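Since the structure comes first, as structure tokens, the remarks are kept for the end.
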Amino acid sequence: MAAEPGITMFHAPQTRSTGTMILLEELGAPYDLHLLDMKAGAQRKPEFLAVNPMGKVPAIRHGAALVTEQPAVFLYLADLFPEAGLAPAIGDPLRGPYLRWMVFYGSSFEPAVVDHAMKREPAPPSTSPYGSYETVLDTLSEQLRRGPYLLGERLTAADILWGTALNWTTGFKIVPERPEYMAYIARITGRPSYAKVSARDAAWAAEFAKAAGRSA
């Protein structure tokens, strides 16, 4: 029998792909790491654009499967390692809510946050992917107040996605520091996987900066 294909993880330190690195730690998943120095423009070089023409991380390769887009990468990995228990299985009543919150992140939260940060008015309700910035935040707040996690008592890959995203968006003052957000962030960033990946990211960023002769 042929060996199972390995995972190659394309990662740039201290970017959106950091959340995927944390997920890999939570899953206990083996992988080969391909580091990119985004400050040096590695994501725009032909060899990476052949992986993701958008020039964005995270991206993973698993055998013949190439997966980009952060929620898709999370969904793929969490399903690939069911023994970790971070993805409700098909048939589980929590599967639908889990998929909802995974997709809501990319389809509504990120567009709303980017428009807000750029001080752009959203498209008209008939064409906007998210409605309004405040509605997105209120919808998330309502869910998190039921806590401690998005699906209640059960931690899933969706929490790693959202916890890391809320940590950086509140840190940059793009999203307000609502009490339910900050309590949720503390639960996710307090996990050993978060501290481990953050330390590695800081070291990698420093190595890249030193090699390029710039400050970290």
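The values are calculated or read from the model by the stated rules, or taken from the named source; none is laboratory data. Given the structure is predicted, the values throughout are model-derived calculations rather than measurements. All Cβ positions, even for glycine, are placed from backbone atoms using ideal geometry, and neighbour counts span all protein chains on display. The area values use the complete protein model at the heavy-atom level, side chains included, leaving out ligands, DNA and RNA. Shrake-Rupley method; radii C 1.70, N 1.55, O 1.52, S 1.80 Å.
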- prompt: If you go through the stretch 129-174, how many residues are part of a loop (DSSP other than H, G, I, E, B) and open to solvent by less than 20 Å² (accessible area, probe 1.4 Å)?
  reply: 3
- prompt: What about Thr156, is it closer than 16 Å to Phe74 by Cβ and either touching a Lys or Arg at 6+ places or on another chain (Cβ under 6 Å) or in contact (Cβ under 8 Å) with a residue 40 or more places away in the chain (or both)?
  reply: yes
query: From the list Ala50, Ala78, Ala29, Ala42, which one is open to solvent by 40 Å² or more (accessible area, probe 1.4 Å) and among the aliphatic types (A, V, I, L, M)?
result: Ala50
message: When you scan the stretch 193-209, do you find a residue that is assigned to a loop (DSSP other than H, G, I, E, B) and free of Cβ contacts under 8 Å to residues at least 40 places away in the same chain, even just one?
response: no
task: Give Tyr98, Tyr105, Tyr181 a once-over and let me know the one that is open to solvent by less than 40 Å² (accessible area, probe 1.4 Å), among the aromatic types (Phe, Trp, Tyr), touching a strand residue (DSSP E or B) at 6+ places or on another chain (Cβ under 7 Å) and modelled with pLDDT of 95 or more.
output: Tyr98
statement: Across the stretch 63-75, the tally of residues that are open to solvent by less than 30 Å² (accessible area, probe 1.4 Å) and either under 11 Å from the mean Cα position of the chain (by Cα) or modelled with pLDDT under 95 (or both) stands at 4
query: Quick one: what pairs do we get from the stretch 94-118, first residue on the phi > 0 side of the Ramachandran plot, second in a helix (DSSP H, G or I), C-beta under 6 Å, 6+ apart or different chains?
result: none
